[in-house]
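The values are calculated or read from the model by the stated rules, or taken from the named source; none is laboratory data. From a predicted model like this one, the values you see are computed outputs, not experimental measurements. Every residue, glycine as well, gets a Cβ built from its backbone with ideal geometry; the counts of neighbours run over all protein chains shown. The accessibility values were calculated without ligands, DNA or RNA, using every heavy atom of the protein model including side chains. Shrake-Rupley method; radii C 1.70, N 1.55, O 1.52, S 1.80 Å.
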Amino acid sequence: MNANFEKQVLISGNWKMNENHFEALRLVQELSALLHLPNGETVLSESVMVSIHPTFTSIRTVQTAIESDHVPVFLGAQNCHYIDKGAYTGEISPDMLAKLGVQYVITGHSERRQYFFETDEIVRKKVDAILRHGMHPILCVGESMEERNSGKAYNKVKEQLKAIFSARSVEETLRIVIAYEPIWAIGSGMTATSGDAEDMCAYIRKEIGELVGPEVTDGILIQYGGSANEQNAGDLLSQSNIDGLLVGGASLDAKKFVAICRSV
Ligand code: PEP
């Protein structure tokens, strides 16, 4: 990375299938109290952006709370379909999310790849749809334990990146957040070492530069995700190629999540 480039950090809370809308309201109110100083200003440093990703049933409630309390967080979603409207029973379209003020949408999460059979092809369509509606995809990539142990981690990530970034413009690329999430680290308590996470994030930066062009390498934002918590966040975020964290479990505890956001 260019040492003169001021690092902007994005901390994202993936609430997964947790918190009904009453609980979600309480959580965002707790976040509001912890993120504000008595004079109404935010406790966050200027370089830190935060997004929270409730379930679909809580998005409207959380959106209203963010707006009325001026909570310094962006509204996010965990998924969406890639088609704008039609006969897709049970699905939520990117247009619906954009109309609710959603700015970041997680896509390609390993849980969706594993349990809902989302392929790279589907993930690419979702990335395209999210971008088309003016939102930012948070694209998750990462290897399984088996792939890491057999020396295939870098190749796996390279293929996932190729599927999304080949024939992608500079402008679109700079709107995509990449989350390196080793599958074995998600929800397991086994965080990647900051050195291993840094090495893979540096590799991701280089690969995207090769796929799209050298002008994107300084500007792309790369998060690490996988059992990040208030104890390891500072170390992870001090790595030069880690520009943020995608946080699952620890984002459900307002105190822990705010401690993570303040550890930059
Ligand atoms: C995630 O779901 O993206 C995640 C990183 O979860 P956890 O922090 O619980 O490992």
Practice problem: Please state which of the following conditions GLN231 fails to meet, knowing it meets all the rest: (1) touching a residue at least 24 places away in the same chain (Cβ under 8 Å); (2) within 16 Å of the ligand (Cβ to nearest atom). | Solution: (1)
Quiz item: Within the group LYS206, LYS256, which residue is in contact with an Asp or Glu (Cβ under 6 Å, 6 or more places away or on another chain) and of a type in the set (D, E, K, R)?
Solution: LYS256
Quiz item: Is it true that ALA250 is touching a helix residue (DSSP H, G or I) at 6+ places or on another chain (Cβ under 8 Å) and buried (at least 20 other Cβ atoms within 10 Å of the Cβ)?
Solution: yes
Exercise. Working only within region 170-183, note down all residues that are crowded, with 21+ Cβ neighbours inside 10 Å and not in a strand (DSSP E or B).
Key: THR173, ILE176, GLU181, PRO182, ILE183
Exercise. Would you check which residues across region 211-225 are within 21 Å of TYR104 (Cβ to Cβ) and not charged (D, E, K, R) and list them?
Key: VAL212, VAL216, GLY219, ILE220, LEU221, ILE222, GLN223, TYR224, GLY225
Quiz prompt | Filtered residues of region 184-216 (kept if surrounded by fewer than 17 Cβ atoms within 10 Å (Cβ to Cβ) and either within 16 Å of the ligand (Cβ to nearest atom) or part of a loop (DSSP other than H, G, I, E, B) (or both)) | solution = GLY187, SER188, GLY189, MET190, THR193, ASP196, GLY213
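Okay, residues lined up against (1) small (Gly, Ala, Ser); (2) within 23 Å of SER47 (Cβ to Cβ):
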{"site": "ALA179", "(1), (2)": "yes, yes"}
{"site": "THR193", "(1), (2)": "no, no"}
{"site": "GLY209", "(1), (2)": "yes, yes"}
{"site": "THR217", "(1), (2)": "no, yes"}
{"site": "LEU221", "(1), (2)": "no, yes"}
Practice problem: Grab the strands (runs of 3 or more DSSP E) fully contained in region 1-93, keeping just those with 1 or more residues being open to solvent by 10 Å² or more (accessible area, probe 1.4 Å), closer than 24 Å to ARG124 by Cα and free of Cβ contacts under 8 Å to residues at least 12 places away in the same chain. | Solution: none
Practice problem: Would you confirm whether any residue within region 151-159 is open to solvent by 20 Å² or more (accessible area, probe 1.4 Å) and more than 20 Å from GLU198 (Cα to Cα)? | Solution: no
Exercise. Kindly indicate whether any position in region 250-257 is assigned to a helix (DSSP H, G or I), within 20 Å of VAL9 (Cβ to Cβ), within 16 Å of the ligand (Cβ to nearest atom) and aliphatic (A, V, I, L, M).
Key: yes
Self-check item: Scope region 96-143; condition under 21 Å from PRO182 (Cβ atoms) and either without any contact (Cβ under 8 Å) to a residue 24 or more places away in the chain or more than 15 Å from the chain's Cα centre (by Cα) (or both); matching residues
Solution: ARG113, GLN114, TYR115, PHE116, PHE117, GLU118, THR119, ASP120, GLU143
Quiz item: How many of the residues in region 234-249 are near the ligand (Cβ under 8 Å from one of its atoms) and either in contact with a Lys or Arg (Cβ under 9 Å, 6 or more places away or on another chain) or of a type in the set (Asp, Glu) (or both)?
Solution: 3
